[in-house]
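Accompanying notes for the structure given below.
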Amino acid sequence: MQKNKIYIETYGCQMNLADTEIVLGILKNKGYTVTKDAEDADVVLVNTCSIRDNAEQRIYGRLGNFKTLKDKKPDLVVGILGCMAERLRKDLVEDKSIVDVVVGPDEYRRLPELIDVAYNGDKGIGVKLSRTETYDDILPYREDGLQAWISVMRGCDKFCTFCVVPFTRGRERSRELDSIVTEVKQLSERGFKEVTLLGQNVNSYNDEGNDFADLLAACAKVDRSMRIRFTTSHPQDLSDKLLYTIAENPNICNYIHLPVQSGSNRILELMNRTYTIEHYLNLIDKARKIIPGVSFSTDIIAGFPTETYEDHVMTLDVMRQVRYDGAFMFKYSPREGTKAYRMKDDVPEDVKSKRLQEIIDLQQQISFEINQELIGTEEIVLVEGKSRKSDKFFAGRTDSNKVVIFPVTEGINEGDYVKVKINRATQATLFGDYVEHIDIRNDNLALIA
Ligand code: 5AD
Ligand code: SF4
């Protein structure tokens, strides 16, 4: 019997979710099939994240479960993919005897070969980083749906001092514009309604003189009923041209994820973020002028080395000034190999926790207030399906990525755009009533004309 059933679990960021689809694309081309049940699999793959220590600890815990599975089924192949594979390399097979295959983010093409190595009883290891690999020609394996990711560039050259990504994902490189546009077309033909263009720093996208704004405009043109999102942007590289491109294309969402990390210039410098808080706030003001109604989200780190109470208060101040729609908030976690690793991790754990909690509490309050202000307004919602909690309700999202829940109404289908009047709001969710259907394609074309 041929051993060809793959089970894969994905941890970490959206880039990893997109990579998993590339991995499955590669393996399906070689005759592998996908199973959703680890017990049923011949090969178990874990696509991993190294960004913070707790991410790695969770994955180690999960490997413990797979060890039990392997004890029952000794010829099961267990593979580690992604950032942890890159970071820990051979140590993984040495420390974790259950691991047979270790493949970093730039060597997924070799995965079929490395799985064969494991079938033959050896360890399959591929952890070279590449300056050119973009998996341009690989068609990712995607189940039908409304929302898809496309990674448009890989790697990062920024070297923020806390961040392991430049080491695990290597140097920046961009995919060809034409191949991305072709993929957007294929997704549109399959009925997808939303595409998120992904990269560690999408604003440094560059393909033969085409920058990220050119790419966004080209993708937005493909199908005006398709929403285009993107993440992540670096405050140093977000250009005016990009802001105007968002403003001019109604189907590019008015939503920018713009990690600030800290509100203190001293800390930003130690982080090598290459901007000041004044530059950052100017950028936010400019974006708000050029794109009326634009929303922002951010990433914040609490307790970076040497962070004082005053630095922390500056972060809270910036949050109050910008009023983010949402934030990903983390405690600083020292990562081996980074520059910050050599600084003393001198903010005590309980202080880090307290500061993080203050940041979270403030963000929740701001998100709640922003959502309360939407009560009484009508929002355009892309219907994603039944709500997770009850099949009497639909769930969808606004342009600014807010979840909207409203009662199931005859004539509404997944993938429709509808107007919903908001009548209640929590910190995380808007609730409302269906008003009418929207012909989004024609409305958007009319806005451009
Ligand atoms: N500790 C805590 N948070 C980190 N991030 C990246 N590296 C670390 C680290 N060592 C956060 C940053 C980044 C997001 C993806 O993860 O806020 O923007
Ligand atoms: Fe890491 Fe900074 Fe690159 Fe983001 S921009 S991936 S935080 S090094």
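The values are calculated or read from the model by the stated rules, or taken from the named source; none is laboratory data. Just so it is clear, the model here is predicted, and its values are computed rather than measured. Heads up, the Cβs are rebuilt from the backbone with ideal geometry, glycines too, and the neighbour counts pull from every protein chain shown.
Against the definition (assigned to a helix (DSSP H, G or I), of a type in the set (Gly, Ala, Ser) and touching a strand residue (DSSP E or B) at 6+ places or on another chain (Cβ under 7 Å)), how does Ser367 come out, yes or no? Answer is yes for this residue.
In the range 314-348, of all residues being without any contact (Cβ under 8 Å) to a residue 12 or more places away in the chain and in a helix (DSSP H, G or I), the one that is nearest to Thr429 (Cα to Cα) corresponds to Tyr341. Picking from residues in the range 383-393 that are over 20 Å from the mean Cα position of the chain (by Cα) and touching a residue at least 24 places away in the same chain (Cβ under 8 Å), the one that is farthest from Ser297 (Cα to Cα) is Gly385. I need the full set of residues from the range 289-333 which are at positive phi and either within 16 Å of ligand 2 (Cβ to nearest atom) or crowded, with 22+ Cβ neighbours inside 10 Å (or both), in order please. Passing the criteria: only Gly303. Quick check, is Arg175 under 29 Å from Arg89 (Cα atoms), out of contact with any helix residue (DSSP H, G or I) (no Cβ under 8 Å at 6 or more places or on another chain) and away from ligand 1 (no atom under 16 Å from the Cβ)? Against the criterion (under 29 Å from Arg89 (Cα atoms), out of contact with any helix residue (DSSP H, G or I) (no Cβ under 8 Å at 6 or more places or on another chain) and away from ligand 1 (no atom under 16 Å from the Cβ)), Arg175 qualifies. Within the span defined as the range 275-296, one or more residues are away from ligand 1 (no atom under 16 Å from the Cβ), over 23 Å from the mean Cα position of the chain (by Cα), under 17 Å from Ile366 (Cβ atoms) and basic (Lys, Arg). If the condition is being basic (Lys, Arg), assigned to a loop (DSSP other than H, G, I, E, B) and touching a helix residue (DSSP H, G or I) at 6+ places or on another chain (Cβ under 7 Å), then the range 4-41 contributes only Lys30.
The set of residues from the range 61-96 being over 13 Å from Val44 (Cα atoms) and of a type in the set (Asp, Glu) comprises Asp71, Glu86, Asp91, Glu94, Asp95. Counting only helices (runs of 4 or more DSSP H) that sit completely within the range 42-110, those holding 2 or more residues that are loosely packed, with under 14 Cβ neighbours inside 10 Å correspond to 53-72, 90-95. Note on the range 232-284: residues that are closer than 23 Å to Lys344 by Cα, part of a helix (DSSP H, G or I) and of a type outside the set (Val, Ile, Thr) amount to 5. Pairing each residue of the range 158-174 that is not assigned by TED's automatic domain parsing to the domain that holds Asp211 with any residue that is at pLDDT 95 or above and within 16 Å of ligand 1 (Cβ to nearest atom), provided the two are 6+ apart or on different chains, yields no C-beta distance under 7 Å. Restrict the check to the range 203-212 and report whether at least one residue is within 11 Å of ligand 2 (Cβ to nearest atom) and within 20 Å of the chain's Cα centre (by Cα). Yes - at least one qualifying residue is present in the range 203-212.
Assess whether Asn254 counts as being more than 16 Å from ligand 1 (Cβ to nearest atom) and over 23 Å from the mean Cα position of the chain (by Cα). Judged against the criteria, Asn254 is not a match. Return the total of residues in the range 121-137 being of a type outside the set (Asp, Glu), crowded, with 17+ Cβ neighbours inside 10 Å and more than 16 Å from ligand 2 (Cβ to nearest atom). Residues meeting the conditions: 6. If only residues of the range 297-343 that are more than 12 Å from ligand 1 (Cβ to nearest atom) and basic (Lys, Arg) are counted, the one that is farthest from Val260 (Cα to Cα) is Arg342.
Determine, yes or no, whether Asn54 is touching a Ser or Thr at 6+ places or on another chain (Cβ under 9 Å), closer than 18 Å to Thr10 by Cβ and at pLDDT below 95. Considered against the rule, which asks whether it is touching a Ser or Thr at 6+ places or on another chain (Cβ under 9 Å), closer than 18 Å to Thr10 by Cβ and at pLDDT below 95, Asn54 comes out as yes. Right, Phe212: among the aromatic types (Phe, Trp, Tyr) and within 16 Å of ligand 1 (Cβ to nearest atom) or not? Judged against the criteria, Phe212 is not a match.
Yes/no per residue for (1) of a type in the set (A, V, I, L, M, F, W, C); (2) over 26 Å from the mean Cα position of the chain (by Cα); (3) under 21 Å from Gly31 (Cβ atoms):
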{"position": "Asp75", "(1), (2), (3)": "no, yes, yes"}
{"position": "Val101", "(1), (2), (3)": "yes, no, yes"}
{"position": "Pro105", "(1), (2), (3)": "no, no, no"}
{"position": "Tyr108", "(1), (2), (3)": "no, no, yes"}
{"position": "Ile115", "(1), (2), (3)": "yes, yes, yes"}
{"position": "Ala118", "(1), (2), (3)": "yes, yes, yes"}
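Under the condition of being surrounded by fewer than 18 Cβ atoms within 10 Å (Cβ to Cβ) and more than 10 Å from ligand 2 (Cβ to nearest atom), the residues counted in the range 154-172 number 1. Just one of Leu242, Leu268 is assigned by TED's automatic domain parsing to the domain that holds Thr161, surrounded by 21 or more Cβ atoms within 10 Å (Cβ to Cβ) and touching a helix residue (DSSP H, G or I) at 6+ places or on another chain (Cβ under 8 Å); which is it? When all the criteria are applied, what remains is Leu242.
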